[in-house]
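What follows is a single structure, written as structure tokens, with notes after it.
Please treat every number below as a calculation from the coordinates, not as lab data. These figures come from a predicted structure and were not determined experimentally. Cβ coordinates were reconstructed from backbone atoms using ideal geometry, including for glycine residues, and neighbour counts include every protein chain displayed.
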Amino acid sequence: MKKVSFYIIVAFCLLVQINSVQAQMIYDTLYLDEMVIKSNYIDRNSSIRSQLIDTLTKKNLNNLNLGELLSAESPVFIKSYGKGSLATASFRGTAASHTKVLWNGFELNSPMLGQVDLSLIPNSFFDEVSLDFGGSSMENISGALGGAINLTSGKKEHKNKIELSQSIGSYKTYTSTLAINLRLKKLKSSTSVYLNSSENSFRYYNNAIIPAEWQTKQNASYFNRGFVQEFDYKISDHQSLSLKNWSEWDFREIPQIMSNQQSGNNEEKQNNFNSRSILSYKYHKSKTIFHIDGAWFYSNINYLLKTTTAIDHEDTVTYINSTNVSNSGFAKAGVSHSFNRGWKINSELSFSKYVINSNNYQSTKSRDKYDFLIKISKDFSNIVMADFILRQQYSEDKFTPTTPYLGLLFKPFADSDLFFRISANMNYNLPSLNDLYWFPGGNSELLPEKGVQMDFGFNYSKTYSESLNIDFDINFFSSNISNWIQWVPSDYRYWSARNIEFVHARGIESSLSLYGNLYGLFYKLAIQHAFTKSTNESEKALEGGYAGRQLIYVPINSGNVYLHINYKRYTLHWNTQFTGKRNTSLDESTLYSNTLPAFSISNISLGKKFNIKSYELELNFKLNNIFNTSYQTILWRPMPGINFEACLSFRI
Amino acid sequence: MFSNYKIINYISLISSVILLLISSSCNKDNPSPIEGDFQNALFVVNEGNFTTGNSSLTYYNRETEEVIQNVFYRNNNAPLGDVANSIFIDENSIYLTVNNSHTIFKVDKQDASFQGKANQLTSPRFLLKVNDSLAFVSDLYENNITVLNTTNMEIVQKIPLGRTSENMLKFGNEVFITNWSAFNQDKENNMIMVVNSQSMQVIDSIEVGKEPNSIVIDKNNNLWVLCSGGFMNDEHPSLCKINPNTHQLLSKIEFPDITNTPTNLKINPKADSLYFLNTDVYKMSVDALSIPETPIIMQLENINFYCLAISPENEIYVSDANDYNRNGEVHRYSPAGKLISKFDAGIIPGNMTFMD
């Protein structure tokens, strides 16, 4: 019977996969060669659906950025303008501003744009990344109508350690990372430094010009430098204090699209400086946790566009030099307590203040925001777990309506790891400050975007033997977002932000992973798939005849597969990511510019560890896009073909 | 308990999924080339979205009402580019000015196949042939007119204008050039610059209203210039009448509402009636002394009139840019302003030109 059920599950997964699906999950901790592996983990003590990105794969992509990690290993679609260029997330068929990214609990989304550039977040700066799907994000933040991405640092094992790694890749790409962990009695220090530069001058076949020809990518270089410094001080057995700072300087050139490649009279670049600091105090005693935190995030983004006449490169015709400075201050305090009989209450109050200086606003603009959370959880005899969340926001002198979340987790059979989840919630996303105040076109009358969401799914795991473990997760979701903000042409000559769209996003997320130890060989095979249907059902769309058509740049199917093998000191990692076709226009016709074709990209890496006395060396070779697939994630933005990386790491 | 043999079987089963994913083909929809021979043509230049590279060219047969989309892409296997702005047709070729691709394509008049291109241009807007082999190219940013040899598509010279340039009209040996954009110039954008097409020199300038955007010539050999009044509605829009021989401003008729932004001044084949867009479509006799109060065609709800053209049959064609994101349409009206038919175009259908 067990075999039969196993066959059914595998067959179902394959079927779903072939039709293009996806999922995620995970939950296991394996100890291998002093390496802690946290696999796709779904908390089985809660209805909250949170996926931890496998640390195996995160480690393998540590010299890359968050956008590249998520597109390889998660169901979130990453809209990338090219390597080193802007990358934003589309979570569950929503817009970039509907994905909130948190660093140790504080929001990284730009208060101006409402979104995060994932290409500017180095993977080496955080230890764990987890995804909260849809309403599950309400435990940590308001307004994440698609979901939230949590970046957590400070979870490194705290023995003294120095790790230096240097990678060299195609197109003059160099990445150096340094991590130093030190412990001095009650004080722990963790330092992470990141240097990354690339000329990014890959060759591609430009078929957007006549005659088509092989060209070298121009004006696409980037240079990122940054560090994260963390201090943790253990005041007593119950109290701790931590201070974190993340400072980063980023430079990038912004290349033109393929059809505009033939007159090099554009100089377009961006310089960013971000500094983010968090001070936290935590009190933890028996069943009570109390924390109080303060944070200050500073961001300075400079955009420069300079064009000259085509024949005289000294004769400037366009010059835009735009500087946007934002200061965000946060303060929050929270307490959680576990009571008898399975009750747990968690409450948090936070205050955020944003101040923006931009030459695109008519004056300095600011926003004060208060957010109150209460979460009540109850465990009914290990058979049913219930979570109830209420959130209340106050901003722009108004209360947004109170948003509830109710989730249930069932474990119907005491002797089987089969869990059913069901949840429903409401959520409100405040307009970004650009939506409100950009000049011209910002609309200070905008309402928050409202999401009503439902989730249903189940999770099954089984250990058949040491050599075979299986995890399977499938989830169905439906999300209605009203008052979706869209910039539309106004009666004047500029565009203006309005609450006009109504989007229905629904889909299936599935994942399957198999792992185990075979004669000293550890393997893990994981498949994830997302089927996402996201359509505009507003009156405007109905009148315009495009209701029911998939939103632009949201693939209906996307997924990935990876195989990780560890044998003695050798590591092999294979990854294939698949992205279905994407509409680039709301029109049905399949003209060349209206749909981008599906593509799949495969990467392979091979590593070996060496020990020299007490030092450890690790050498890794990686081949990316091994089938040299020609593809675009954004229309007429080329991506690199086959390319390599070599990485040498040194540990003490 | 599963045996290792079975486990390996499962792994190979799953691996087949990987192969399936890898082998997923990436076919692009490449529409078949079209048979050429454009008859009774109306060409519509679809601008597409800025920095998106989705411009296109639509062909419409005024007699059979046949419509072919993406004419350029289908016969050249390459996109038209980024923000195609205008089209000009001479005896043998069609010239397509693609603003943000900094390019002008020269294509065959019969099947739109590629004949040549000029791509060392800054921000080209319109092309106007001034003799058998030379053309003037106006520019949104550059303070020069570019003279192009249309035989080999090479740049012959630059004529310093001191201003940016937009629409052009040739009368005798003189070319009258509107200075629409204030971008990259410290002077007011309220001039018509006169260039002699033989000496290639600026010979005069005529002050008109602010933001002159389009220019036509009537049956009395008077020039008409439509001025939209400035980006921030700095002054009342106006319609200026100029004597092209003396370069004198004969009259300036102001629009009563300062918030209006009239564009697209056109003239009928008899050259006795002016047409322009001011949200709605207006028709005005060249003898009229004031702006008409009622339009000949009302812009209905959910319609976004964008460009205007009057056919050799005196019919009125108005493009509807929709919401600027989706494909637009072109509406065809009788000379009296009655809707005859509509046909689909590309994203932001703009400049339109006729060819028989």
- For B:N77, other-chain or 5+-apart residues with amide H closer than 5 Å (H placed, Pro excluded) are none
- Item | log₁₀ of I(q)/I(0) at q = 0.08, 0.09, 0.15 Å⁻¹ - chain B, Debye sum with one point per alpha carbon | -0.42, -0.51, -1.37
- With the 8 Å Cα cutoff and a minimum separation of six or more residues, the stretch B:285-349 has a relative contact order in percent of 25
- Note on the structure: Under the Karplus relation with 6.51, -1.76 and 1.60 and θ = phi - 60°, whole-Hz ³J(HN,Hα) for the stretch A:242-259, x at Gly and Pro, equal 9, 10, 10, 9, 10, 10, 8, 10, 10, 10, 8, 8, 10, x, 7, 6, 4, 6
- Query: With springs only between Cα atoms under 10 Å, which of B:S311, B:S138, B:S290 fluctuates most in a Gaussian network model of chain B?
  - Reply: B:S290
- Reachable aspartates and glutamates from A:K285, criterion Cα separation under 14 angstrom, eight or more residues apart if same chain: A:D237
- Using Cα positions and a limit of under 26 Å, work out the lysines in reach of B:K219, with same-chain residues fewer than 8 apart set aside. B:K129, B:K170, B:K210, B:K241, B:K252, B:K266, B:K270, B:K283, B:K338
- Item | Lys, Arg +1 and Asp, Glu -1 on Cβ, resulting dipole of chain A about Cα centre, debye, nearest 20 | 1760
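Report, in listed order, any pair from A:K59/A:K83; A:K269/A:K353; A:K161/A:K609; A:K59/A:K609; A:K568/A:K613 with a Cα-Cα distance greater than 23 Å. Write out the running numbers ahead of the final one.
Numbers: A:K59/A:K83 20 Å; A:K269/A:K353 29 Å; A:K161/A:K609 17 Å; A:K59/A:K609 14 Å; A:K568/A:K613 18 Å.
Cα-Cα > 23 Å for A:K269/A:K353; rest within.
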- Which value, in debye to the nearest 20, gives the size of the charge dipole of chain B about its Cα centre, when Lys and Arg are +1 and Asp and Glu are -1 at the Cβ? 680
- Query: Considering only B:V83, A:T463, B:L300, whose Cα is most displaced toward the positive end of the charge dipole of the protein assembly as shown, charges sitting on Cβ of Lys, Arg (+1) and Asp, Glu (-1)?
  - Reply: A:T463
- Counting other Cβ atoms within 10 Å, keep those with at most 10, restrict to DSSP loop, and tell me which trypsin sites (Lys or Arg not before Pro) in the stretch B:203-267 are left. none
- With Cα coordinates, the longest principal axis of chain B makes an angle with the long axis of helix B:4-22, in degrees rounded to 10, of 20
- Taking the dipole about the Cα centre of the protein assembly as shown, with the C-beta of Lys and Arg at +1 and of Asp and Glu at -1, give me whichever of B:F114, A:N360, A:Y171 is farthest to the positive side. A:Y171
- Return the loop-located GluC sites (Glu not before Pro) in the stretch B:218-312 (DSSP other than H, G, I, E, B) with at most 14 other Cβ atoms within 10 Å of their own Cβ; answer none if there are none. B:E293, B:E301
- Message: Residue by residue through the stretch B:193-208, what is 3J(HN,Hα) from phi via Karplus (6.51 cos²θ - 1.76 cosθ + 1.60, θ = phi - 60°)? Round to whole Hz and write x for glycine and proline.
- Response: 9, 10, 10, 7, 7, 9, 7, 6, 10, 6, 10, 6, 9, 10, 7, 10
- Message: Explain nothing, just the number: dipole magnitude of the stretch B:206-284 about its Cα centre with +1 on each Lys and Arg Cβ and -1 on each Asp and Glu Cβ, in debye rounded to the nearest 20.
- Response: 360
- With only helices counted (DSSP H, runs n ≥ 4, each -39500 (n - 2.57)), the per-residue ellipticity at 222 nm for chain A, to the nearest 500, works out to -2000 deg cm²/dmol
- Query: Taking +1 at the Cβ of each Lys and Arg and -1 at the Cβ of each Asp and Glu, which of B:L140, B:I34, A:N340 sits farthest along the dipole of the protein assembly as shown towards its positive end, judged by Cα position relative to the Cα centre?
  - Reply: A:N340
- Message: I'm checking a number: the convex hull volume of the Cα atoms of chain A, normalised per residue, in Å³. What is it?
- Response: 165
- Message: Averaged across A:305-317, how many Cβ atoms of other chains sit within 10 Å of each residue's Cβ atom?
- Response: 5
